[in-house]
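The next block holds one structure in the form of structure tokens; read it before the comments.
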Amino acid sequence: MDQDLKATLSRIAEALDRLAPSPPARADLAGFEAYVWHAAGNRLEAVPRVNRVDLDLLQGIDRQKATLLENTRRFARGLPANNALLWGARGAGKSSIVKATHAHVNREMGGPPGPLALIEIHREDIPSLPALLARVRESKRRFVVFCDDLSFDGQDAAYKSLKAVLDGGIEGRPENVLFYATSNRRHLMPRDMIENERSTAINPSEAVEEKVSLSDRFGLWLGFHNADQDTFFAMIEGYARHYRLDVPVEELRRQAVEWSVTRGARSGRVAWQFIQEVAGQLGKKLG
């Protein structure tokens, strides 16, 4: 080959190498408690500090805490455990219990970072789940893949990717991966969508079976509901004790009732927002 041609081709190759994007850096899968998965670029981003509260501070959901804690402990120890769907009222503590349980189990087992990593995947990135599983399949750590506020609407076909993962597919779900999801919907799709499918289909029962059955792939269902007043007071008073907020109980309750009326709800989220307000008025930081 002519030397000039070879030199030209070499320069072109070098230029293309410079233009090509660098491969995403591999996240250290052993050094952090939690990660966020980004489908764009198929990369895991480490989370140095997880936004969460202690498990003991979550009031009014004792049965749910005990059940998810035991399931997570078994998984962390290499024993059989179930994928979990946490469904129900907004602000009832669904995502908080997942993050708090993960931290609690890791502390029990010598962490942080501990043997169990939490990976958050956004709802819109569900189709990239197979790529995520390929990244963690060979790791010695165990992973809880967590999707907050999971639901499907209209002609959304992303549920098929999740269904394949929960079923295992031809490769099988990796033994070191468990999937936890929260949703306001028990069946992960709105009731009017279910009814519309039934009313327009030739075989109504088969038309919705594929979508509704997605929730059946979760071996563990945990329901969350709005709190009654006594439970709401227990949440408020538990936070106040923990953060040493010097307000008489009766005054705290009076303010809490007024706060919940203005918000139109009693829930863990409303209780936490109220405590932030009280702490701010007292000039005290929470942390």
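Couple of notes before you dig in:
- Enumerated strands (runs of 3 or more DSSP E) restricted to region 1-106, each holding at least 2 residues that are touching a Phe, Trp or Tyr at 6+ places or on another chain (Cβ under 6 Å) and at pLDDT below 95: 43-47, 84-88
- Scanning region 76-102 for residues that are over 28 Å from HIS242 (Cα atoms) and buried (at least 24 other Cβ atoms within 10 Å of the Cβ) yields a total of 2.
- In region 107-142, the residue that is surrounded by the most Cβ atoms within 10 Å (Cβ to Cβ) out of those that are among the acidic types (Asp, Glu) and not in a strand (DSSP E or B) is ASP125.
- Filter result for LYS160 (assigned to a helix (DSSP H, G or I) and modelled with pLDDT of 65 or more): yes
The values are calculated or read from the model by the stated rules, or taken from the named source; none is laboratory data. Not measured: the values here are computed from a predicted model. Because the Cβ atoms are built from the backbone with ideal geometry, glycine has one as well, and the counts that use them run over all protein chains shown.
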